[in-house]
Amino acid sequence: MIKKVTLYALVLATVFSCGVKNQVNDLASDNPIRAQLDLVNIQDDKVSVVIDPGRFVQDTVTYRLPRVVQGTYAVSDFGKYIENVSAIDYQGNAIQATQVDTNTWMFVNAKNLDKITYAVNDTFDQEVNGGIGEEVPFSPSGTNIEPKQVMLNLHGFVGYFDSLKRNAYQIDIKSPTKFKYTSPLTEIQSTLSADGAIKNSVFLANRYFEVTDNPMMYGETEVEEFMVGNIKIVLSVFSPNGVHKAAEIKETMAEMMQAQKRYLGDLNSTPRYDILLYLSDTKKPDSPKGFGALEHHTSTVVVLPEQMEAEALAESMIDVVAHEFFHIVTPLSVHSEDVHYFDYNNPTFSKHLWLYEGVTEYFAQHFQVYEGLIDPSEYYARTTQKINTSRSNYDDAMSFTQMSENILEDPYKNNYANVYMKGALMGMCLDILMRENSDGQRSLRSLLGELSVKYGKDKPFEDDALIAEITAMTYPAVGEFLNTHVVGNTPIDYDQILDKVGLYFTEAEVETNYIQNAGELILSADPERGGIKFNDLVANNSFWNDNGVKPNDFIKSINGTEVTLANANQILAEVYAWNPGKAIQVALLRGDEEVLIDTTTTPTYTKANTLVEKPEATVAQKELRKAWLKG
């Protein structure tokens with residue numbers, strides 16, 4: 001007990017000696033803001049929160065929950081989920097709390113403000129009907145509150161005072177002892193109740209950014225740990241029905257992340273990395289439906305369907321976690337001032353989503369072929385799919401820097417997902433150009449290493465100067481590409497770039513999935529009937545064509561579950577993950593006739609322009625391709 005108290009005092013002293021004080025004349029600025037969360041007395045899926053800011057010398061203070069959180073590039077409005085906000089003074093009397101807008105509360109007579117209390121409702125419950133008609137936070141950024149599990153994305157529970165953003169936070173969490181917890185935040189003190197049923201844990205964050213950047217998972221969670229080089233990986237899995245086990249997922253993650261570490265080489269930036277996986281029971285109406293992941297600087301929160309088969313889950317985890325883990329390079333080690341000094345209420349956005357998301361996605365795909373996890377033909381097929389998806393679904397003549405800077409506005413926000421398509425392709429082109437101009441000695445990865453050394457996690461770059469800086473550090477061809485295709489709005493000539501490595505496009509039969517033909521959706525919305533139908537492209541999908549599916553066939557149900565516009569995303573995510581050998585039943589309506597497809601899936605193919613190696617490629621092209629794909 002003495003050691004724990006000593007550690008607690010030492011950490012507090014360190015925080016206060018290293019922290020940056022605000023210029024506001026606030027006694028509160030010298031003390032940590034204390035946030036207390038009660039996970040024991042949960043009522044109606046709500047958590048009670050108490051905020052103790054210390055003593056103010058101002059007459060009026062403002063308290064906010066985030067409108068936007070980093071990494072989402074969308075409005076979340078976490079204030080919508082806060083109820084019964086009240087405040088008391090040091091004598092226990094009520095202080096007036098005025099709600100200014102969705103996320104903001106103002107308190108007068110703040111010199112006497114002692115505590116603020118409120119209840120937090122979870123966001124997963126609000127995703128009923130898939131969030132149609134109402135914006136809800138992307139599931140991996142959201143919150144879950146139920147007896148078996150609490151997902152603590154802390155930005156949904158703890159807010160900030162305008163004048164105290166850089167203050168330290170002491171986070172006290174009361175939880176049932178039976179709950180397991182994981183978090184990148186270090187627990188600096190813990191005590192048990194007299195009967196041993198309740199645990200009180202104390203965590204410390206240096207500033208509000210660290211509150212938002214360190215998610216926690218409490219409850220009936222399975223935890224596995226393993227080392228990747230000198231990085232400790234902590235995998236936490238909540239599978240509500242016990243369908244998937246953390247130990248099985250660990251094997252997939254360990255193999256993949258060891259390959260990532262080899263690919264990164266010396267690009268280490270964190271001693272620990274957490275993966276928090278929530279598997280959604282899609283049969284429950286209040287389960288989360290926004291599948292994917294949200295990166296944090298040293299962790300990621302992943303939400304995927306629990307009903308996925310083990311092989312499909314492993315594939316999804318490789319793609320998702322590979323992307324998120326590479327964020328330890330950017331934006332953790334290389335980022336702009338907009339990222340470093342993020343404003344959660346009225347953010348400005350960096351021009352360089354092509355870097356943060358596009359290059360990261362490129363690394364997440366490229367390392368798999370580079371380290372031998374997939375063969376070149378599979379990598380070529382994935383590249384082709386990204387090109388097709390980018391061209392068919394998004395504005396190919398939109399400036400990426402302009403889109404990035406205005407990502408919350410129309411028409412830019414509707415093109416956001418293109419950062420994972422065209423943004424990744426930009427990374428590919430830059431990598432090939434770097435290798436071509438250095439005789440294979442330098443790469444996009446080595447450039448990021450140089451930028452990491454120059455800046456690092458505590459030194460942001462100047463947003464407007466980055467393109468010129470990269471040009472000066474590399475070659476004129478790199479600068480020309482960035483100014484023409486990233487800053488400018490000229491579509492990329494992929495034939496020209498890929499010819500450098502002896503690749504070209506030709507029509508061929510390629511394996512695809514059960515909802516797309518090489519990146520193009522074979523399904524369309526049918527608003528009149530409130531569901532989904534097959535479109536004309538289904539005729540070119542061998543599996544559905546062989547089973548007699550026709551264009552305009554309306555999907556009534558899949559494996560007994562009715563398909564509607566409300567649940568289409570989660571159902572189709574499961575169909576996307578189907579593998580050959582799966583028994584399926586699909587009920588269709590063709591006019592007034594019901595058609596039942598009762599079969600087992602087989603590999604499905606389509607004809608498409610796909611990327612292949614030139615038989616007549618020159619020695620120089622082959623050598624550059626080898627440097628690009630194998631180093």
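For region 552-563, which residues satisfy the criterion of being open to solvent by less than 50 Å² (accessible area, probe 1.4 Å) and part of a loop (DSSP other than H, G, I, E, B)?
The first filter runs over region 552-563 and keeps only residues open to solvent by less than 50 Å² (accessible area, probe 1.4 Å), leaving 553-555, 557-558, 563.
Answer for region 552-563, where residues must be open to solvent by less than 50 Å² (accessible area, probe 1.4 Å) and part of a loop (DSSP other than H, G, I, E, B): ASP553, VAL563.
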Selection over region 425-477 where residues are within 19 Å of GLU357 (Cα to Cα) and among the β-branched types (Val, Ile, Thr) yields a count of 3
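Name every residue in region 454-468 that is among the charged types (D, E, K, R) and either surrounded by 14 or more Cβ atoms within 10 Å (Cβ to Cβ) or assigned to a loop (DSSP other than H, G, I, E, B) (or both), in order of residue number. Outline the logic, then answer.
Step one: filter region 454-468 for residues among the charged types (D, E, K, R), giving 454, 457-459, 462-464.
LYS457, ASP458, LYS459, GLU462, ASP463 - these are the residues of region 454-468 that are among the charged types (D, E, K, R) and either surrounded by 14 or more Cβ atoms within 10 Å (Cβ to Cβ) or assigned to a loop (DSSP other than H, G, I, E, B) (or both).
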For TYR416, all conditions in the list (1) under 30 Å from THR506 (Cβ atoms); (2) open to solvent by 20 Å² or more (accessible area, probe 1.4 Å); (3) touching a Phe, Trp or Tyr at 6+ places or on another chain (Cβ under 7 Å) hold save one; what is the number of the exception? (1)
Are any of the residues in region 526-540 open to solvent by 30 Å² or more (accessible area, probe 1.4 Å), touching a strand residue (DSSP E or B) at 6+ places or on another chain (Cβ under 7 Å) and free of Cβ contacts under 8 Å to residues at least 12 places away in the same chain? no
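So is ASP495 touching a residue at least 60 places away in the same chain (Cβ under 8 Å), open to solvent by 10 Å² or more (accessible area, probe 1.4 Å) and within 30 Å of GLN402 (Cα to Cα) or not? Working first, answer last.
Numbers: touching a residue at least 60 places away in the same chain (Cβ under 8 Å): no; open to solvent by 10 Å² or more (accessible area, probe 1.4 Å): yes; within 30 Å of GLN402 (Cα to Cα): yes.
The answer is no for ASP495.
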Please go through region 236-283 and pick out each residue that is free of Cβ contacts under 8 Å to residues at least 24 places away in the same chain and assigned to a loop (DSSP other than H, G, I, E, B). GLY242, LYS245
Is one or more of the residues making up region 339-359 part of a helix (DSSP H, G or I), over 18 Å from PHE481 (Cα atoms), open to solvent by 50 Å² or more (accessible area, probe 1.4 Å) and in contact (Cβ under 8 Å) with a residue 40 or more places away in the chain? no
Members of region 601-622 that are of a type in the set (D, E, K, R) and loosely packed, with under 15 Cβ neighbours inside 10 Å: LYS607, GLU616, LYS622
Name the strands (runs of 3 or more DSSP E) wholly inside region 79-128 in which the number of residues that are farther than 16 Å from VAL61 by Cα and touching a residue at least 40 places away in the same chain (Cβ under 8 Å) is 2 or more. 113-121
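Taking PHE56, is it open to solvent by less than 10 Å² (accessible area, probe 1.4 Å) and modelled with pLDDT under 95? Spell out the reasoning first.
On the way: open to solvent by less than 10 Å² (accessible area, probe 1.4 Å): yes; modelled with pLDDT under 95: yes.
In short, yes.
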Checking ALA566 against (1) at pLDDT below 95; (2) open to solvent by 10 Å² or more (accessible area, probe 1.4 Å); (3) under 16 Å from THR599 (Cβ atoms), the condition it does not meet: (3)
Here is a list: VAL538, VAL549. Which entry is over 23 Å from SER377 (Cβ atoms) and part of a helix (DSSP H, G or I)? VAL538
Could we say that TYR412 is of a type in the set (Ser, Thr, Tyr), closer than 27 Å to GLU315 by Cβ and modelled with pLDDT of 95 or more here? no
Hey, does region 490-509 have a residue that's assigned to a strand (DSSP E or B) and within 30 Å of the chain's Cα centre (by Cα)? no
Within region 576-628, track down each residue that is over 22 Å from GLU562 (Cβ atoms) and touching a Pro at 6+ places or on another chain (Cβ under 7 Å). PRO580, THR602, PRO603
Go through region 360-412 residue by residue and tally those that are assigned to a helix (DSSP H, G or I) and more than 25 Å from ASN609 (Cβ to Cβ). 8
From (1) out of contact with any helix residue (DSSP H, G or I) (no Cβ under 7 Å at 6 or more places or on another chain); (2) more than 20 Å from ALA364 (Cα to Cα), pick out the condition that doesn't hold for VAL211. (1)
Wholly within region 161-211, which strands (runs of 3 or more DSSP E) include no fewer than the required count, namely at least 3 residues that are not β-branched (Val, Ile, Thr)? 169-176, 187-192, 198-205
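If you check THR484 against the conditions, is it open to solvent by less than 70 Å² (accessible area, probe 1.4 Å) and either in a loop (DSSP other than H, G, I, E, B) or touching a residue at least 40 places away in the same chain (Cβ under 8 Å) (or both)?
On the way: open to solvent by less than 70 Å² (accessible area, probe 1.4 Å): yes; either in a loop (DSSP other than H, G, I, E, B) or touching a residue at least 40 places away in the same chain (Cβ under 8 Å) (or both): no.
Answer is no for this residue.
The values are calculated or read from the model by the stated rules, or taken from the named source; none is laboratory data. Not measured: the values here are computed from a predicted model. In this analysis, Cβ positions are derived from the backbone assuming ideal geometry, glycine residues included, and neighbour counts consider all displayed protein chains. We work out accessible area using only protein heavy atoms, side chains counted, and drop any ligands, DNA or RNA first. Shrake-Rupley method; radii C 1.70, N 1.55, O 1.52, S 1.80 Å.
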